[in-house]
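Single-structure report; data block below.
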Amino acid sequence: MSDLIPLTNNDGIQAVMGRDLHRFLEVGAEYRHWFPRMIAYGFEEGKDYTVKNDRVQDSLGYEREATNHILTMDTAKELSMVQNNAKGREARQYFFECEKRVAAVPQLTGAQLMAKALLEAESTMKELEDRATTAEAII
């Protein structure tokens with residue numbers, strides 16, 4: 001399944017921007033009216049979504065501030081289901097597929113992460129030593 005809705009990384013967790021989801025769902029209402037209605041379903045700021053203010057250019061070319069929301073995958077799935085239409089079902093299936101892809105990637109243990117970081121550091125150090133040797137030879 002292709003990337004229907006762009007995913008973002010929010011402190012190491014996959015997330016979705018509210019305006020991207022809104023655009024994909026082809027909601028008739030403007031985002032600024034739609035999102036407050038959606039959070040009335042019991043979503044909590046800080047748990048289910050985070051507010052993000054962006055500077056955007058409007059259709060006349062003027063820059064203005066627009067509120068966006070960083071949604072957890074679970075929140076994005078629920079909002080998709082609430083739409084109760086084909087686009088909502090398609091988005092929901094897409095989020096399930098995204099979760100399956102993440103689950104399929106093996107998670108490294110702390111020791112494995114440290115070993116990987118050590119190997120990368122050694123490689124970088126070797127590369128820098130080689131550069132220094134080359135620079136000394138030139139001087």
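We did not get these values from a lab; they are worked out from the coordinates using the rules stated. None of the values given here were measured: they were computed from a predicted structure. A quick note on method: Cβ atoms are made from the backbone with ideal geometry, for glycine too, and the neighbour counts reach across all protein chains shown.
Assorted remarks:
- Inter-part distance where the stretch 66-92 and the stretch 99-139 are each reduced to a Cα centre, Å: 38 Å
- Residue exposure proxy: I5, I139, ordered by other Cβ atoms within 10 angstrom of their Cβ from fewest to most, comes out as I139, I5.
- Under the combined filter of DSSP loop state and at most 13 neighbouring Cβ atoms within 10 Å, the stretch 6-59 retains these trypsin sites (Lys or Arg not before Pro): K47.
- Degrees separating the helix 110-138 axis from the principal Cα axis of the chain, which is the longest one: 50 degrees
- Across the chain, the relative contact order, built from alpha-carbon pairs under 8 Å that are at least six residues apart, equals 21 percent.
- Stretch in the chain that is longest and holds no GluC sites (Glu not before Pro) that DSSP places in a loop and that have at most 10 other beta carbons within 10 Å: 45-139
- Check: the chain dipole with +1 on Lys, Arg Cβ and -1 on Asp, Glu Cβ, in debye: 580 debye
- Along each principal axis, taking the top coordinate minus the bottom one, the Cα set of the chain gives 67, 41, 29 Å in descending order.
- Taking Cα centre as origin and charging only the Cβ of basic (Lys, Arg, +1) and acidic (Asp, Glu, -1) residues, the dipole magnitude of the stretch 91-139 rounds to 420 debye.
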